[in-house]
Amino acid sequence: MTRFEAPPYEGLQRFDDYADVDEILRSAQFRQGSHGESLVFFGDSLLLTDGEDHLTRRRLASTLFSRAALQVYETEALLPVISRLMLDLEDSRGADGIIRADFVPLARAMLTRITALVVGVDDVDTPENTEIFQSYVAKLGVAASVEWSLRDHDEVVAEGVEAKTAIIEEFLRPSMAKRQELATRLERGELQREDLPTDLLTMLAVHADQFSGLDDDYVWREAILALVAASQTTTHALPHVLMHLEKWFETHPEDRERVQESEFVRRAVTESLRLHQPAPALTRIATSDVQLRSGRTIADGEQVALFFTSANRDVAKFGGEAEEFDLSRDLPTGTQPWGLNFGSGIHMCLGRPLVTGQPNKADESQSTEGTMVKIVKAVYRAGFTFDPDNPPQRQTHSVHDTFESMPILLRDPAAAAESVRGTGTEVA
Ligand code: HEM
């Protein structure tokens, strides 16, 4: 099996088996241990909180991901943006009739508006503001995972702190002020809860009393967690899907015509997610002496490194071909198709339905396809192929399993813009 390494966790006891990692993530005998170097960005956020506080806050935050909210994000903040970006690309058609683009910044741009809407950031509406907002979020993404950086860590954090100050002053503080005003009017009975937007900053403004024990900077760190979680993870994950699908079609050419089928693309997305994790490893700290079902022991206070990437390729769980991308794989009962990619237990990713969708076979009008399926379908509808003269470039400034650049050729972005406008939330 491929052995993945994670430099910051060299001295820690490591866990690579699916069963061990899952058991630790689900156990009440561990607390969070990740992001020690990036507390200025994520400290006290939902992700790094444990116990009762975590449960209370998680319950509040889950309202941001109700079925109704997911439908609004997808139809109002994702599809119009995909459509506009595809139409904009038409202006760059070369003399040979082909459009050249880079899928990495394109995917990031497609996710910008949905990220802003989930967090509750206003004024990400003009090209200039979108560009500025996007560059701050990208810098925060790098800094908030400084643990994995191969650059000078102090420098990465300093750049992130600069981006944090700028995004607070230019975007977060004005957006929060509006929501605090709404919360005050709600309290006075001038507004009803349904008159307020569904987003993180509104939730923090309305329930401010629950966070009164935390410092003034806390709301910004919670917002930064959501901004980074909503954009960086998905941007990192999407290029892998195109790589795997194109390789799959070489040996399964008959499947190419299925690339507009929701279920087919969802399977490709989840199988790709299983193989590529947003972080090479995460950590937990034991709160008592622990013996796992496998017999391995962990001492009270010991920090352990959990290698999701190895766990998701564990042959004991996924069979002998676990390292392969296989769209016909039979999954063991009770196993998510993405394995542990979204975590497990109490901190399991809240944004997962936004990414992989919420199908509703009984009532398709209630379905969402998810950001990844929507974007992959749109890119194929635009007549995507890889650029044979410019191969994809892996990211080299960190140990993240992702791409810095993925040059692509598009033949008909207008068709993608048109089809996205027509689809709404329907399931193909
Ligand atoms: C491909 C996309 C994504 C992946 C692979 C991913 C992965 C993860 C993982 C592994 C965790 C658990 C970390 C731990 O246990 O220490 C997590 C937590 C979280 N994710 Fe995601 N995530 C993705 C997208 C999103 C999106 C789109 C959002 C929000 C819009 C989001 C919001 C969160 C939040 C708020 C938590 C903390 C939950 C808690 O601690 O209770 N994620 N994610």
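The values are calculated or read from the model by the stated rules, or taken from the named source; none is laboratory data. Keep in mind that what you see is a predicted model, and the values were worked out from it rather than measured. Cβ atoms come from the backbone with ideal geometry, glycine included; neighbour counts cover every protein chain shown. Quick note on the areas: whole protein, heavy atoms, side chains included, nothing else; ligands and nucleic acids left out. Shrake-Rupley method; radii C 1.70, N 1.55, O 1.52, S 1.80 Å.
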Would it be correct to say that L46 is at pLDDT 95 or above and farther than 21 Å from N312 by Cα? yes
Report, ordered by the first and then the second residue, all pairs with beta carbons closer than 6 Å, sequence separation of six or more or different chains, a first member in the range 131-153 that is over 12 Å from H35 (Cα atoms), and a second member that is open to solvent by 40 Å² or more (accessible area, probe 1.4 Å). K139/E159; L150/H397; R151/H397
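One line per residue, one yes/no per condition, for (1) touching a residue at least 12 places away in the same chain (Cβ under 8 Å); (2) within 11 Å of the ligand (Cβ to nearest atom); (3) not basic (K, R):
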{"site": "R59", "(1), (2), (3)": "no, yes, no"}
{"site": "R67", "(1), (2), (3)": "yes, no, no"}
{"site": "P80", "(1), (2), (3)": "yes, no, yes"}
{"site": "L87", "(1), (2), (3)": "yes, no, yes"}
{"site": "D91", "(1), (2), (3)": "no, no, yes"}
{"site": "F103", "(1), (2), (3)": "yes, no, yes"}
{"site": "T115", "(1), (2), (3)": "yes, yes, yes"}
Going through (1) within 13 Å of the ligand (Cβ to nearest atom); (2) surrounded by fewer than 21 Cβ atoms within 10 Å (Cβ to Cβ) one by one, T130 fails only at (1)
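Tell me which residues, restricted to the range 117-127, are β-branched (V, I, T) and either within 16 Å of the ligand (Cβ to nearest atom) or assigned to a helix (DSSP H, G or I) (or both). Please lay out each step first, then the result.
Step one: list which residues in the range 117-127 are β-branched (V, I, T), which gives 118-119, 121, 124, 126.
Correct list: V118, V119, V121, V124.
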Given (1) assigned to a helix (DSSP H, G or I); (2) of a type outside the set (F, W, Y); (3) touching a Phe, Trp or Tyr at 6+ places or on another chain (Cβ under 7 Å), Q232 misses just (3)
Selection over the range 86-107 where residues are open to solvent by less than 30 Å² (accessible area, probe 1.4 Å) and part of a helix (DSSP H, G or I) yields a count of 6
Return yes or no: is L191 outside any helix (DSSP H, G or I), out of contact with any Lys or Arg (no Cβ under 6 Å at 6 or more places or on another chain), farther than 17 Å from V118 by Cα and not small (G, A, S)? no
Which of the residues belonging to the range 336-395 are within 16 Å of the ligand (Cβ to nearest atom), open to solvent by 40 Å² or more (accessible area, probe 1.4 Å) and outside any loop (DSSP other than H, G, I, E, B)? I346, R352, Q358
Sort out which residues of the range 396-414 are under 29 Å from P80 (Cβ atoms), touching a helix residue (DSSP H, G or I) at 6+ places or on another chain (Cβ under 9 Å) and open to solvent by less than 50 Å² (accessible area, probe 1.4 Å), and write them in order of number. T402, F403, S405, M406, P407, I408, L410, P413, A414
Can you spot a residue in the range 147-166 that is within 16 Å of the ligand (Cβ to nearest atom), under 22 Å from the mean Cα position of the chain (by Cα) and part of a helix (DSSP H, G or I)? yes
Please verify whether R185 is assigned to a helix (DSSP H, G or I), more than 16 Å from the ligand (Cβ to nearest atom) and touching a Pro at 6+ places or on another chain (Cβ under 9 Å), treating the condition exactly as stated. no
What's the total number of residues in the range 44-53 that are crowded, with 17+ Cβ neighbours inside 10 Å and either of a type outside the set (V, I, T) or more than 9 Å from the ligand (Cβ to nearest atom) (or both)? 5
Quick test of your reading of the structure: F318 fulfils all but one of (1) open to solvent by less than 60 Å² (accessible area, probe 1.4 Å); (2) over 21 Å from the mean Cα position of the chain (by Cα); (3) under 15 Å from F15 (Cα atoms). Name the failing condition by number. (3)
When you go through A316, A322 one by one, which is the residue that is more than 15 Å from V241 (Cβ to Cβ), more than 16 Å from the ligand (Cβ to nearest atom) and assigned to a helix (DSSP H, G or I)? A316
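Across the range 238-280, what is the total count of residues that are outside any helix (DSSP H, G or I) and either among the polar types (S, T, N, Q) or within 14 Å of the ligand (Cβ to nearest atom) (or both)? Break it down stepwise before answering.
Kept after step one, since they are outside any helix (DSSP H, G or I), are these residues of the range 238-280: 252, 259-261, 276-280.
When the remaining residues are screened for being either among the polar types (S, T, N, Q) or within 14 Å of the ligand (Cβ to nearest atom) (or both), the result is 260, 276-280.
Number satisfying all stated conditions: 6.
Residue-by-condition table, conditions (1) open to solvent by 30 Å² or more (accessible area, probe 1.4 Å); (2) in contact (Cβ under 8 Å) with a residue 40 or more places away in the chain:
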{"site": "E170", "(1), (2)": "yes, no"}
{"site": "R173", "(1), (2)": "yes, no"}
{"site": "R179", "(1), (2)": "no, yes"}
{"site": "Q210", "(1), (2)": "yes, yes"}
{"site": "G213", "(1), (2)": "yes, no"}
{"site": "D217", "(1), (2)": "yes, no"}
{"site": "V241", "(1), (2)": "no, yes"}
{"site": "K247", "(1), (2)": "yes, yes"}
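Applying the selection to the range 248-266, what residues are basic (K, R) and over 24 Å from the mean Cα position of the chain (by Cα)? Talk me through it step by step, then tell me what you get.
Taking the range 248-266 and keeping what is basic (K, R), we get 256, 258, 266.
Passing the criteria: R256, R258.
Restrict the check to the range 54-74 and report whether at least one residue is part of a loop (DSSP other than H, G, I, E, B) and either touching a Gly at 6+ places or on another chain (Cβ under 7 Å) or surrounded by 15 or more Cβ atoms within 10 Å (Cβ to Cβ) (or both).
No, the conditions are met nowhere in the range 54-74.
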